[in-house]
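Scroll down for the structure; my scribbles are underneath it.
The values are calculated or read from the model by the stated rules, or taken from the named source; none is laboratory data. Note that the structure is predicted; figures quoted are calculated from it, not measured. Please note: Cβ atoms are built from the backbone with ideal geometry, for glycine as well, and neighbour counts cover all protein chains shown. Heavy atoms of the whole protein, side chains included, go into the accessibility calculation; ligands, DNA and RNA do not. Shrake-Rupley method; radii C 1.70, N 1.55, O 1.52, S 1.80 Å.
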Amino acid sequence: MTIASDEPQVASIAAPSAPPGPARRPSRLTRNRWGYAYVAPFFVLFACFSLYPFLYTAWISLHDVDLGDVDGAQWVGLANYGELLTSEFFWNAARNTLTIGVLSTVPQLAMALGLAHLLNYSLRGRTFFRVAMLLPYATSIAAATLVFGQLFGRDYGLINAGLEAVGFDRVDWEGGTWSSQLAISVIVIWRWTGYNALIYLAAMQAIPEDLYEAATLDGASRWKQFLHVTIPGLRPTILFTIVVSTIGAVQLFGEPLLFSGNGTTNGGSSNQYQTLGLLMYDQGWTNFHLGQAAATAWAMFLIILVVVGAWALLARRRARAER
Amino acid sequence: MATVTFAQATRIYPKSERPAVDALDLHIGDGEFLVLVGPSGCGKSTSLRMLAGLEEVDSGAVLIGDRDVTDLPPKGRDIAMVFQNYALYPHMTVEANMGFALKLAGLGRAEISRRVGEAAQILDLGDYLHRRPKALSGGQRQRVAMGRAIVRDPQVFLMDEPLSNLDAKLRVQTRTQIARLVQRLGTTTVYVTHDQVEAMTLGDRVAVLRDGVLQQCEAPGVLYDRPANVFVAGFIGSPAMNVVTGPAVDGGVRLGGAVLPVPRDQLARAAAGTGRVTVGFRPEDVRLVGPGAGVPVVVNVVEQLGADAFLYTKLAAEHTDDVLHPSDVVVRTEPRSAPGQGDELSLAVPEGRLHVFDPTTQRRVD
Ligand SMILES: Nc1ncnc2c1ncn2[C@@H]1O[C@H](COP(=O)(O)OP(=O)(O)OP(=O)(O)O)[C@@H](O)[C@H]1O
Ligand SMILES: [Mg+2]
């Protein structure tokens, strides 16, 4: 075995004069053959599970399709999109998504930042707090929403009981527009604040300690240090969490679905908390208009694209202004 | 401007039994440039940070001027510090970095820009005022850190190894710049370094620390000529002082079969306990004498440095048995007439050039 495998080497040493002509140089593709082979599984999976559904959804959105008869699709061009833009349901859902998105994302990130700042200072029990903060994230939405549904219940809910105890009127949380959206935002905030706080905490710990010491000697209070050292140091991280929460907010589905308490997708009796995600589900699986649902899905994707693109542009402009 | 006083100042880090700084007593005069030196981990930075208020003082006190600042937050102490890694705010321009403290102090924009402009001119930073630290060289960053300290016009400057991130040549250049700058400003300065050349060239006085304990605080010349103990003797000077311990005999200390003369009363006091004496002598104080007239050694290595040559020699083998810890004896000679490797030499130390220490207490005996 060893002798046999030695042979070609011996041969090549014996005949070293073969000119290194261009024909012998492997082309770039063959040279990188193994590289491509190694990354191929990712692209195969990506094509199967991401790209194909994505494009297929686009295709469907251009047809009039009934859920029961996908093969009998009728080409309708952009009619589904046209209908969407004139549908009051779409605009209602878009508005709800926006308000719930703002109501949940802004306090959530602000609180996460504050929490991370506090944890960054106090060393004791840090591990406990880290685990505690991840707990809501690790809890299933269904379980969490059930509990919150109870809390926000009109007749027997703990929150109303509390309100009454201090002399306020009961609130029909589920029935009202603002109240229901607020309640849903609370669930989202509860779930994601800790997660974002941990991301901020990790980024904060990468900020060198001597910057804080220098700021202390320069006369900066804790608050000024937060403003002038922590926030600038976290800027890329903050942008990242904003992008991720924006995507999450546009796609919000589970919380409002379960908040209704009866599994319906209309988002309340007057659609007061129907989000785009719920609307899409409603169109496709309640009303069987797959084409409509696909158009909504694509509309959501475009909204995300525009919002995230705007953030990225803003960040780039800031970064350039600073250079 | 102010004096600085450490009065029995002690710092014990949580979870460690040994104090990092142990009952430090030090008085720094108004406008004085004091250098703290010592080996790594001896508590130099800790002392400086205690003065800055970044580290608690577990017992004792720290005073700036007549004011006890032991429990005062850093902000109230009116000090400025240059950090080893400069600690420049990465998202601020050079101008904003230097003006940050002034802005926080509530100074007007015109006043800030005047003071920053002045500092920038002194430090030759005028062209970089609108750059961020990222876009500066190491030396420029160092100057910004200096600038940030001087615009404050504080009572005391603190510098923790401010030159250690620069290359050798720039370090020498910046060293002179700092010396000139501080001289011109006349501000009390405490400067930490582990580089004894920096310490000797910069300091009005140099304080040597070891394991958190102050060994000696004197002007550089005194420190060099009259080290208070064996540690300081070995730490200050490069190459280090030769330190050997041998039996006390009539008229001196026996080394390698020869006797190095030591004055009688010094010898008596140093050898009182053990019958042995520790002596030290600097490489440049050693004289080569005729065979048989001095301590016999063999040249191991010859180090040519251009202006000087250093001979690393060993006591001749048959005579080492009565010498404690025999190590290389380093001798400075003329580079052109330097002996070669393997040559046998005879060494003598002129009277008054020998440092005598008690081998038990390691203290200097005069
Ligand atoms: N935060 C800390 N917690 C516990 N021990 C510490 C801490 N900082 C320093 N020490 C210990 O205190 C001693 C003195 O440290 P210090 O940083 O003052 O040394 P140094 O003289 O500045 O050394 P170097 O020249 O390496 O900077 C060391 O033994 C070190 O291990
Ligand atoms: Mg240090």
With Cα springs under 10 Å, the Gaussian network model of chain B assigns the largest mean-square fluctuation among B:Asp195, B:Asp343, B:Asp225 to B:Asp343
Taking every DSSP beta bridge that has both residues in the protein assembly as shown, what percent is antiparallel when rounded to the nearest 5? 75
Take every DSSP beta bridge with both residues inside region B:129-239 and express the antiparallel ones as a percent of the total, to the nearest 5. 50
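Per DSSP helix of 4 or more residues, -39500 (n - 2.57); summed, then divided by the residues of chain B. What does that give at 222 nm, rounded to the nearest 500?
Working: 9 runs with 91 residues, N = 366.
Estimated from H runs of four or more residues: -7500 deg cm²/dmol.
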May I ask for the Kirkwood hydrodynamic radius of region B:183-258, worked out over all distinct Cα pairs and given in angstroms to one decimal? 14.4
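Given the convex hull over the Cα atoms of chain A, what projected area results after averaging over all orientations, in nm²?
Details: hull surface 126.7 nm².
Across all orientations, chain A yields a mean hull projection of 31.7 nm².
Only Lys, Arg, Asp and Glu count, each charged at its Cβ (+1, +1, -1, -1), so figure out the dipole size of region A:82-322 about its Cα centre, rounded to 20 debye. Write down the numbers at each step before the final one.
On the way: 14 positive and 14 negative charges, 143 e Å.
I would put it at about 680 debye.
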For B:Arg353 and A:Leu98, extending 7 Å from Cα along the Cα-Cβ vector and measuring point to point gives, in nm, a value of 9.1
How much of the accessible area of region B:105-187, in percent, comes from carbon and sulfur atoms when a 1.4 Å probe is used? 45
Using Cα-Cα distances under 8 Å and only pairs 6 or more residues apart, what relative contact order does region A:101-259 have, in percent? 37
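Over chain A, what relative contact order in percent results from Cα pairs under 8 Å that are six or more residues apart?
Answer for chain A is 25 percent.
Could you list, in their original order, any pairs among B:Lys103/B:Lys134; B:Lys15/B:Lys103; B:Lys44/B:Lys75 whose Cα atoms are separated by more than 28 Å?
Numbers: B:Lys103/B:Lys134 22 Å; B:Lys15/B:Lys103 39 Å; B:Lys44/B:Lys75 21 Å.
Distance filter (> 28 Å) returns B:Lys15/B:Lys103.
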Taking only Cα atoms, what is the 0 to 90° angle, nearest 10, from helix A:141-151's long axis to the longest principal axis of chain A? 10
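Can you tell me the length gained on complete extension of the stretch B:Gln304 to B:Ser337, counting 0.36 nm per residue apart and subtracting the Cα distance?
Details: separation 33, 0.36 × 33 = 11.88 nm, distance 1.12 nm.
Using 0.36 nm per residue and subtracting the Cα-Cα distance, I get 10.8 nm.
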At a Förster radius of 25 Å, what calculated FRET efficiency corresponds to the Cβ-Cβ distance of B:Ser238 and B:Ala293, to the nearest 0.05? 0.30
Taking Cα atoms, how many degrees apart are the long axis of helix A:33-46 and the longest axis of chain A, rounded to 10 and kept between 0 and 90? 20
In what sequence, largest accessible area first, do A:Arg316, B:Arg143 appear using a 1.4 Å probe? A:Arg316, B:Arg143
Treating only the Cβ of Lys, Arg, Asp and Glu as charged (+1, +1, -1, -1), what charge dipole size does region B:4-234 show about its Cα centre? Round to the nearest 20 debye. 940
Would you please classify the overall shape of region B:81-189 from the alpha carbon gyration tensor, given that a ≥ b ≥ c denote the square roots of the eigenvalues, rounded means a/c under 1.5, and beyond that prolate means a/b larger than b/c while oblate covers the rest? oblate
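What net charge is computed for the residues neighbouring A:Gly176, neighbours being all others with C-beta under 14 Å from the C-beta of A:Gly176, Lys and Arg scored +1, Asp and Glu -1? Show your work: numbers first, answer last.
Details: positive: A:Arg154, A:Arg170; negative: A:Asp169, A:Asp172, A:Glu174.
Residues near A:Gly176 contribute -1 overall.
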Listed residues B:Ala23, B:Ala240, B:Ala307, most fluctuating in chain B (Gaussian network, C-alpha, under 10 Å): B:Ala307
As a test question: what accessible area, to the nearest 10 Å², does B:His130 have when a 1.4 Å probe is rolled over all protein chains in place? 140
How far apart, in nanometres, would the label points at B:Ala105 and A:Arg316 be if each is projected 7 angstrom from Cα along the Cα-to-Cβ direction? 4.3
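Restricting to bridges with both residues inside region B:4-234, how much of the DSSP beta-bridge set is antiparallel, in percent to the nearest 5? Don't skip to the answer; put the middle values down first.
Working: 17 of 34 bridges.
Within region B:4-234, antiparallel bridges account for around 50 percent of the total.
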Filtered trypsin sites (Lys or Arg not before Pro), region A:27-132: DSSP coil and at most 16 other beta carbons within 10 Å: A:Arg124
With 0.36 nm assigned to each residue of separation and the Cα-Cα distance removed, B:Thr361 to B:Ser40 gains 113.2 nm
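About the Cα centre, and with charges only on the beta carbon of Lys, Arg (+1) and Asp, Glu (-1), how big is the dipole of region A:23-147? Nearest 20 debye, please. If you can, show how the numbers build up before the last one.
On the way: 9 positive and 6 negative charges, 310 e Å.
That gives region A:23-147 a dipole magnitude of about 1480 debye.
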Run the paramagnetic zone check for A:Tyr56: 7 angstrom along Cα to Cβ, then residues of region A:67-88 with backbone nitrogen under 13 Å. A:70-71
For B:Ala61 paired with B:Val172, estimate the spin-label separation in nm (one decimal), with each label point 7 Å from Cα along the Cα-to-Cβ line. 4.6
To the nearest 10 Å², what's A:Lys224's accessible area with a 1.4 Å probe? 80
Rounded, prolate or oblate for region B:1-121? Axes are the square roots of the Cα gyration tensor eigenvalues, ordered a ≥ b ≥ c, and the cut-off for rounded is a/c under 1.5. prolate
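Given R₀ = 60 Å, FRET efficiency for A:Asp71-A:Ala138 by Cβ-Cβ distance, to 0.05? Intermediate results must be reported in sequence, preceding the final value.
Working: r = 42 Å, r/R0 = 0.70.
After rounding, the FRET efficiency stands at 0.90.
Compute for chains B and A the buried accessible surface, both sides summed, probe 1.4 Å, and express it in Å² to the nearest 100.
Values: alone 17330 and 20280 Å², together 35880 Å².
Result for this pair: about 1700 Å² buried.
Any chance you could list the semi-axes, whole Å, largest first, of the equivalent ellipsoid that the Cα gyration tensor gives for region B:240-357, using √(5λ)?
Values: eigenvalues 125, 40, 28 Å².
Equivalent-ellipsoid dimensions as semi-axes: 25, 14, 12 Å.
Do you know the relative contact order of chain B, to the nearest whole percent, from alpha carbon pairs under 8 angstrom that are 6+ apart?
Details: 769 pairs, mean separation 57.7, N = 366.
It comes to 16 percent, rounded to a whole number.
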Can you sort B:Met241, A:Met111 by 1.4 Å-probe accessible area, starting with the largest? A:Met111, B:Met241
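Once you have the alpha carbon radius of gyration of region A:31-79, what is it after dividing by 2.2 N^0.38 Å, with N set to its residue count? Please list the in-between numbers first.
Numbers: Rg = 16.7 Å, N = 49, 2.2 N^0.38 = 9.7 Å.
Relative to the 2.2 N^0.38 Å estimate, region A:31-79 comes out at 1.73.
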Enter the accessible area per residue of region A:82-322 (Å², integer; probe 1.4 Å; all protein chains in place). 51
Evaluate 2.2 N^0.38 Å with N set to the residue count of chain B, then give the Cα radius of gyration divided by it. 1.19
For chain B, which span is the longest to avoid every loop-located (per DSSP) member of GluC sites (Glu not before Pro) having at most 10 other Cβ atoms inside 10 Å? B:18-350
Accessible surface of A:Arg170 - all protein chains present, 1.4 Å probe, nearest 10 Å²: 100
Any residues in region B:68-97 that have 50 Å² or more less accessible area with all protein chains than in their chain alone, probe 1.4 Å, and which are they? B:Lys75, B:Phe83, B:Tyr89, B:His91
For the protein assembly as shown, what is Rg from Cα atoms divided by 2.2 N^0.38 Å, rounded to two decimals? 1.46
In whole Å, what are the extents of region A:51-168 along the principal axes defined by its C-alpha atoms, from largest to smallest? 63, 40, 25
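Using heavy-atom solvent-accessible surface (probe 1.4 Å) with all chains present, what is the largest-first order of A:Trp298, A:Trp285, A:Trp190? Numbers along the way, then the final one.
Working: A:Trp298 50, A:Trp285 130, A:Trp190 95 Å².
Listed by decreasing accessible area, they come as A:Trp285, A:Trp190, A:Trp298.
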Zone residues, region A:246-278, relative to A:Arg154, backbone N less than 14 Å from point 7 Å out along Cα-to-Cβ: A:260-262, A:268-272
Calculate, for A:Glu83 and B:Arg131, the FRET efficiency according to 1/(1 + (r/R0)^6) with r their C-beta to C-beta distance and R0 56 Å; round to the nearest 0.05. 0.50
